[in-house]
Every structure is written in C-alpha cells, then in structure tokens.
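Worksheet for the structure shown next.
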Amino acid sequence: MTPVLDIDDLRITYHGSRGPIPAVRGVSLTLDPGETLGLAGESGCGKSTLAAAVLRLLPPGTEVTGRILLDGEDVLTMGWGRLRAVRWARASIVFQGAMHSLNPVQRIVRQIAEPIVLHEGVERAAAEDRAVELMAAVGLPAWRAKSYPHELSGGQRQRVMIAMALACSPDLIIADEATTALDVMIQAQVLRLLKSLVAERSIALVMISHDLSVLTDTCERLAVMYAGRLVEYGPAHEVFTTARHPYSEGLAGAFPTVGDTAARRRPRGLPGDPPDPAALPGGCPFHPRCPVALDACATTDVTLLDVRPGWRAACLRVPATKEADV
Ligand code: ADP
Ligand code: MG
C-alpha cells in the first residue's frame, strides 16, 4: 500500500533578515490512506511550516531538503503545472482564519464550486449543484448558498472551508488550527463533523493543534513537535494518557478545563516558552524547561527511541521507562 503522505528527514530553513531560522529540523512520518494523525506542539514549534511544505506553500527563498511524497509522487521536485493539479485534488489545507481565505465579495456557493470548475473541468452550474450537496454534508442549509462570508458565523465559515477542502475528493486533508479561533462548543461540533466526513470518504487527515485533548478525540495517532522536531509519535490515546516525553506530558496536562480559553493559550503544566529556532539550546532542546532533566540532557542530542513498535519518543529516559513496564 502506497502511503498518502511519506515525509523523510524534512528540514526547512527560512532565511530572514536575522539570518537562518531552522523551523523544521529532520521530521519523518508516514500516513496511510484514511489514517488520522494529530500534530501537536506549542506556537512556534514548526507545525504550520511542515503543513505548508506538503503543498509547497512556503515563501520563496525558503530552503527545503529531504523528501515529501504525496501518493508516492515527489512534491519537492514537481513542476508548477503538476503542483496546481495536485492542490485540492490530492491534498487540501484548511487554515484557521476562514475570513482571510474566503473572498468577501463572492457568494459562498461560487467559492465552493471554484475548485471543482478549475480541477475537474465541470460546468459552473453542475459544480454549483455539487457545492450545494457539499454544503449539506457540512451542515449548511441550501439557502445559505447565496450568502456572502460576512453573513456567516465563524463556525459556518469554517464549515465552508471544510466543504471546499472536500470539493475535489482529495486523499489528504490538513487542518491547521482549523477550529482554534472558535468557541469551544462550536469547535467540538466542527471537529466531530470533520472526523466523520473524512472517515466516510476514507480521506487521510493531519489535524494540527496545540491542544492534545482535542487531537486525541479526533485522531488515531499523535505526533508531538518541539523546536522543529518530532519528540513523540504514537497511538493517540496512549500518548495522551501515558506520554513518554516530558514535553508531551506537559502538553497533555496543560488544558485541564474545557472552555478555559486562558489555559488554552497558556499551558499550565509548561512554564516558559519554546526556544527561538535561531538560538536553540544544546542537547535536548526541551531540557531547560524539563522538570525531570538529567545532566546528560544538556549535552546529548536525543533522537527518537522505540518505546515499542509504532511508538517512539526522543527522551533519554525512554529505555528506563520501558524497563519499568516489563
Ligand atoms: P507553529 O505553526 O508550530 O506555530 P510555525 O511553523 O508557524 O510554527 O513557525 C515555526 C518557526 O518559524 C517560528 O519560529 C516562526 O517565527 C518561524 N517562521 C514562520 N514563518 C516564517 C517566515 N515566513 N519567515 C521567517 N520565519 C518564519
Ligand atoms: Mg501554526
């Protein structure tokens, strides 16, 4: 079976006025057809950079090395024509702020129909019929077809974005903080909807959030990112409840109260901030914040170690916790 997404040793460096910013530093992961993966981590850890790279949406001048295969096809060497065909039709992204992604002066039915017209060469009227079906699938009434984005609520606009992402039946949807700006109840509704839509259609999903509990509810596997690397990667429920990396554990304990927006922005169990990618500490990048760091953590650059097949964590303590299990 060809994975939908196969990322190998991906490294992404922005070149800003302050010099190089290594935002992604050697990430590898694969996603099988229909599989759901939650990508977690605080702001600045490189999640959006990774997502943007999958569809080559990074700013010009950004250095990208490694390999990204989408349905077996190399994204990094694709020509622009092929890339345009692949966007929407193979993989689509739902971003956080629908208001910035939607055209304010175009009726929503037309916007949902747009990728269908462009990518499938369907007549506009037929594409708009399909757009209305997609609206029904995401829980928007047909009379909303003629609405403009500003006439919709935030949750409804995110539903429009999801309808657009589904429009050309992609194999992969990446949802980058797609519901973070929404009220918690609406967020839960939209996530449940997204989860059922991808399951019905066997679409693979990468859901990005800083909230591990949200990801655990929605995804089969979790990847936790810190300072541009994966620090833990494994079955969602187990990583959430018995994290092997102290950073994942901190994130898991960070959002105790549903509806507590202050806690969502400022993780409780995690004092301090992630490091500036332009000035990373030596050794494990988490060691300055780690409540259980050993002396060796300041000097040892830890790579992912097997907790057991299908579950890995980049922590020097992993062999010890493994033995404790036996
Ligand atoms: P996340 O999505 O996890 O919050 P990002 O991928 O947005 O993280 O950012 C990772 C790092 O890359 C941050 O330090 C951010 O400041 C930096 N960064 C993001 N976009 C750019 C850019 N266009 N130019 C320079 N640096 C950037
Ligand atoms: Mg982001």
(message) Just to be sure I understand, how many residues within the range 46-102 are in contact with a Ser or Thr (Cβ under 7 Å, 6 or more places away or on another chain) and away from ligand 2 (no atom under 16 Å from the Cβ)?
(response) 3
(message) Going through ALA137, ALA165 one at a time, which residue ends up being farther than 11 Å from VAL109 by Cα, crowded, with 19+ Cβ neighbours inside 10 Å and either under 19 Å from the mean Cα position of the chain (by Cα) or touching a residue at least 60 places away in the same chain (Cβ under 8 Å) (or both)?
(response) ALA165
(request) Please identify the pairs in which a residue from the range 195-216 that is among the aliphatic types (A, V, I, L, M) has its Cβ atom under 8 Å from the Cβ atom of a residue that is within 13 Å of ligand 1 (Cβ to nearest atom) and open to solvent by 20 Å² or more (accessible area, probe 1.4 Å), counting only partners at least 6 apart or on another chain. (result) ILE208/SER48; ILE208/GLU177
(message) Looking at the range 42-89 only, could you name the residues that are charged (D, E, K, R), part of a loop (DSSP other than H, G, I, E, B) and more than 9 Å from ligand 1 (Cβ to nearest atom)?
(response) ARG56, ASP71
(request) Among the candidates THR216, THR180, single out the residue that is polar (S, T, N, Q) and within 16 Å of ligand 1 (Cβ to nearest atom). (result) THR180
(request) Tell me which of these LEU76 doesn't satisfy, since it passes every other one: (1) open to solvent by 30 Å² or more (accessible area, probe 1.4 Å); (2) of a type in the set (A, V, I, L, M); (3) at pLDDT below 95; (4) within 26 Å of MET1 (Cα to Cα). (result) (3)
(message) Please go through the range 5-33 and give me each residue that is closer than 23 Å to LEU212 by Cβ, open to solvent by less than 30 Å² (accessible area, probe 1.4 Å), more than 16 Å from ligand 2 (Cβ to nearest atom) and in contact with an Asp or Glu (Cβ under 9 Å, 6 or more places away or on another chain), ordered by number.
(response) LEU5, GLY26, LEU29, LEU31
(request) Scan the range 183-203 and give yes if some residue there is modelled with pLDDT of 90 or more, assigned to a loop (DSSP other than H, G, I, E, B) and crowded, with 20+ Cβ neighbours inside 10 Å, otherwise no. (result) yes
(message) Within the range 206-229, take every residue that is in contact with a Lys or Arg (Cβ under 8 Å, 6 or more places away or on another chain) and assigned to a strand (DSSP E or B) and give me the one that is most open to solvent (accessible area, probe 1.4 Å).
(response) ARG229
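The values are calculated or read from the model by the stated rules, or taken from the named source; none is laboratory data. Worth saying up front: this structure is predicted, and the values here are computed from it rather than measured. Cβ sites come from the backbone with ideal geometry, for glycine too, and all protein chains shown count toward neighbours. Each accessible area value is taken on the protein alone, full model and side chains, heavy atoms only, with ligands, DNA and RNA left out. Shrake-Rupley method; radii C 1.70, N 1.55, O 1.52, S 1.80 Å.
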